[in-house]
1. Which condition number does B:Gly216 fail, the rest of (1) surrounded by fewer than 22 Cβ atoms within 10 Å (Cβ to Cβ); (2) not in a helix (DSSP H, G or I) being met?
2. From the set of residues in the stretch A:163-199 that are among the β-branched types (Val, Ile, Thr) and either crowded, with 19+ Cβ neighbours inside 10 Å or away from every other protein chain (no Cβ under 11 Å) (or both), which is nearest to A:Ile40 (Cα to Cα)?
3. Output the number of the condition that A:Phe203 fails; it satisfies all remaining conditions of (1) touching a Lys or Arg at 6+ places or on another chain (Cβ under 8 Å); (2) in a helix (DSSP H, G or I); (3) more than 11 Å from every other protein chain (Cβ to nearest Cβ).
4. Every residue in the stretch A:72-112 that is among the hydrophobic types (A, V, I, L, M, F, W, C) and either over 24 Å from the mean Cα position of the chain (by Cα) or under 29 Å from A:Pro140 (Cβ atoms) (or both), please.
5. Those residues that are in contact with a helix residue (DSSP H, G or I) (Cβ under 7 Å, 6 or more places away or on another chain) and either part of a helix (DSSP H, G or I) or surrounded by 13 or more Cβ atoms within 10 Å (Cβ to Cβ) (or both), I need them from the stretch B:37-58; list them, please.
6. Just checking, which of A:Gly77, A:Gly125 is surrounded by 16 or more Cβ atoms within 10 Å (Cβ to Cβ), under 30 Å from A:Asp237 (Cβ atoms) and not hydroxyl-bearing (Ser, Thr, Tyr)?
Amino acid sequence: MTDSTADTGASRVLGGRPTEATIRTTTTITTVKNTSGAHIELKNVNKVYGEQTVPAVENFSMDVEPGELIMFVGPSGCGKTTTMKMINRIIEPTSGSITVDGRDVLSLNPNELRRHIGYVIQQIGLFPHMTIAENISVVPKLLGWSKEKTRNRVDELLSVVQLDPKTFAGRYPKQLSGGQQQRVGVARALAADPPVMLMDEPFGATDPITREKLQVEFLRLQESIGKTIIFVTHDFDEAVRLGDRIAVLSDRSKIEQFDTPANILRAPANDYVASFIGHGAALKRLALIPLYDALLGRATDARGTASLSETDSLRDALDLLVLTGLPAIGVTDASGKVVASVTVDQISAELGDDAGAGAPGVLS
Amino acid sequence: MTFEAVIERDVSVAPAELGVRRARFWTLRRIATPIVIVLVLLALFLWIQTLEIDSIMARTLNADYILLRTREHLELTFIASALVAVLAIPAGIVASRTTSRLLRGTILTIANIGQATPAIGFIILLAIIWQIGFQTALIALVAYSFLPVLRNTMVGLSQIDPSVTESARGMGMTPGQVLRRIELPLAVPVILAGLRTSLVFCVGVATVATFIDAGGLGDMIVNGLKLQRFPVLITGAVLVSCIALLIDWLASIAEDLLRPKGV
């Protein structure tokens, strides 16, 4: 593990030149992934229901890069789900164009189209009369895969979502807990390896502990599969935790701001976005910054026995500082050796620096 | 390490195994019905043995006559029920699919009239304007027992969790595939309950067929009344009741066996 961290920012900050007070690496926003995702483009998409005069979605345009995890955040009824469901035509747009990898979605056969777009909804919607294996096999069967290939894929996917195939393949959905059902829902959506996933509050119905676990697992999964994902949620914290970019939506699916979580937290575009972020924007930002990306002090400044790992966030550091009352806390690298320290001043400086107001190299 | 721990904890949360349902298959309630039927028939048989059979009774209280009437009765019942299944289930699907209120209303109204009209009135009216015999009785029976299957098909389809059909659609199933692979299998328990009701209706109402010369155990009941031979009347009535109970019992077993697993 010590060697494998050699090419991350962490070792450069922490292990590089310990005599100098600080060295800083820039926080890169775009994450490089091995992506199997597709490019999605929505242009001037409108949806008007029936005889209504007010559209549910008005002039929605968005460009999503391959492998991006895009969060749609907004209050109930703002049209975020409607917008998402127009991509696989569960809801037909009234006007506008939607393309996936350059292909016009509206000119395709909707059933064919949907077989190549993963779809996860909040209620999961597992088929209660089919076993877990049969549930996951639905799309492969529709696509005419061989039995052998399908069975292997089912086993593979169950392992991916951390369910033992031997135990779970033959069970019925009713015999699974909520969290397990949700994992099967994700596995089922991934069955035919679709380049695009649409997820409508997939973790909304689970308890907070299960939800956090599922979020962590989901992030790790996305890291390796790199799908293009549209993820609808009303939980801003979830959006910050998971999203590569967040679209904050208001009535009629109007995009109030579309940016990275860090940028939205640092500079909300307007009062609406600010109100959506709510209190504690600084703390939320700290949670996004890992210690290896921050400006840190010398290892010798550390006091006491408490220490943090370099992969922990600044928020964790602040938490521990407050809890212990110590002026500085040690930061350890992967091998457990204390290689730097962190203080409250440094944490504040990090926020100020991010906002462009603070001076670089505040350390004494 | 943590991976294994997670699985272990989740397993403990998971609900009971399927085996439980199988173990409870032969309950007291399930075996009570055939026992009662056998006891009642035995008591009837023993009672008849103690009676002096005159020549009038002898014409009906013999194995050949009883088996013939029973066969006619069962034929009427099963053919009518099969016709109901073939006609009412598709009608129910159409009525639940259509957006036309007029069509749905029409189907329901016809089915309602069929059941609301007294069977004896309907069957005799039909015989007057058309003909007497088996076919007329069959039509009257179908009309009378149409509604439960129609209703239950509609209810069975409408009570399916919309998120299940939405995810089926979202995975790229055609509307026909959603109906065949998801909706109908999930509606099976409710549709079967409707068929069971229809079957039992048919057994009872088929006794009326005797008035238009379509046979059945109604013959025994009516003859017993007309000729003042109560053992004949009672034998006919008890046999009809036992057939109704037996069919209801068989249908309840079929319901359990055909219910989709996992539901």
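The values are calculated or read from the model by the stated rules, or taken from the named source; none is laboratory data. This one's a predicted model, so the numbers in the text were calculated from it and none came from an experiment. A quick note on method: Cβ atoms are made from the backbone with ideal geometry, for glycine too, and the neighbour counts reach across all protein chains shown.
1. With (1) surrounded by fewer than 22 Cβ atoms within 10 Å (Cβ to Cβ); (2) not in a helix (DSSP H, G or I) applied to B:Gly216, the lone miss is (1).
2. Keep residues of the stretch A:163-199 that are among the β-branched types (Val, Ile, Thr), which gives A:167, A:184, A:186, A:196.
Now narrow it down to the ones that are either crowded, with 19+ Cβ neighbours inside 10 Å or away from every other protein chain (no Cβ under 11 Å) (or both): A:184, A:186, A:196.
Working: A:Val184: 26, A:Val186: 20, A:Val196: 9 Å.
Restricting to residues being among the β-branched types (Val, Ile, Thr) and either crowded, with 19+ Cβ neighbours inside 10 Å or away from every other protein chain (no Cβ under 11 Å) (or both), the top hit is A:Val196.
3. Failed condition: (2).
4. In the first step, residues of the stretch A:72-112 are kept if they are among the hydrophobic types (A, V, I, L, M, F, W, C); the result is A:72-73, A:78, A:84, A:86-87, A:90-91, A:98, A:100, A:105-106, A:108.
Passing the criteria: A:Phe72, A:Met84, A:Met86, A:Ile87, A:Ile90, A:Ile91, A:Ile98, A:Val100, A:Val105, A:Leu106, A:Leu108.
5. Residues of the stretch B:37-58 that are in contact with a helix residue (DSSP H, G or I) (Cβ under 7 Å, 6 or more places away or on another chain), as a first pass: B:37, B:40-41, B:44, B:48, B:51, B:57.
If the condition is that a residue be in contact with a helix residue (DSSP H, G or I) (Cβ under 7 Å, 6 or more places away or on another chain) and either part of a helix (DSSP H, G or I) or surrounded by 13 or more Cβ atoms within 10 Å (Cβ to Cβ) (or both), then B:Ile37, B:Val40, B:Leu41, B:Leu44, B:Ile48, B:Met57 are the ones that fit.
6. Values: A:Gly77 fails: surrounded by 16 or more Cβ atoms within 10 Å (Cβ to Cβ).
Testing whether each residue is surrounded by 16 or more Cβ atoms within 10 Å (Cβ to Cβ), under 30 Å from A:Asp237 (Cβ atoms) and not hydroxyl-bearing (Ser, Thr, Tyr) leaves just A:Gly125.
Results for (1) among the charged types (D, E, K, R); (2) more than 12 Å from every other protein chain (Cβ to nearest Cβ); (3) without any contact (Cβ under 8 Å) to a residue 12 or more places away in the chain; (4) out of contact with any Pro (no Cβ under 9 Å at 6 or more places or on another chain), shown as yes or no for each residue.
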| residue | (1), (2), (3), (4) |
| --- | --- |
| A:Leu126 | no, no, no, no |
| A:Val138 | no, no, no, yes |
| A:Thr150 | no, yes, no, no |
| A:Arg153 | yes, yes, no, no |
| A:Glu156 | yes, yes, yes, no |
| A:Val160 | no, no, no, yes |
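Here is a yes/no grid of residues against (1) assigned to a helix (DSSP H, G or I); (2) surrounded by 23 or more Cβ atoms within 10 Å (Cβ to Cβ); (3) in the same structural domain as A:Asp63 (by TED's automatic domain parsing):
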| residue | (1), (2), (3) |
| --- | --- |
| A:Glu223 | yes, no, yes |
| A:Ile229 | no, yes, yes |
| A:Val232 | no, yes, yes |
| A:Glu256 | no, no, yes |
| A:Pro268 | no, no, yes |
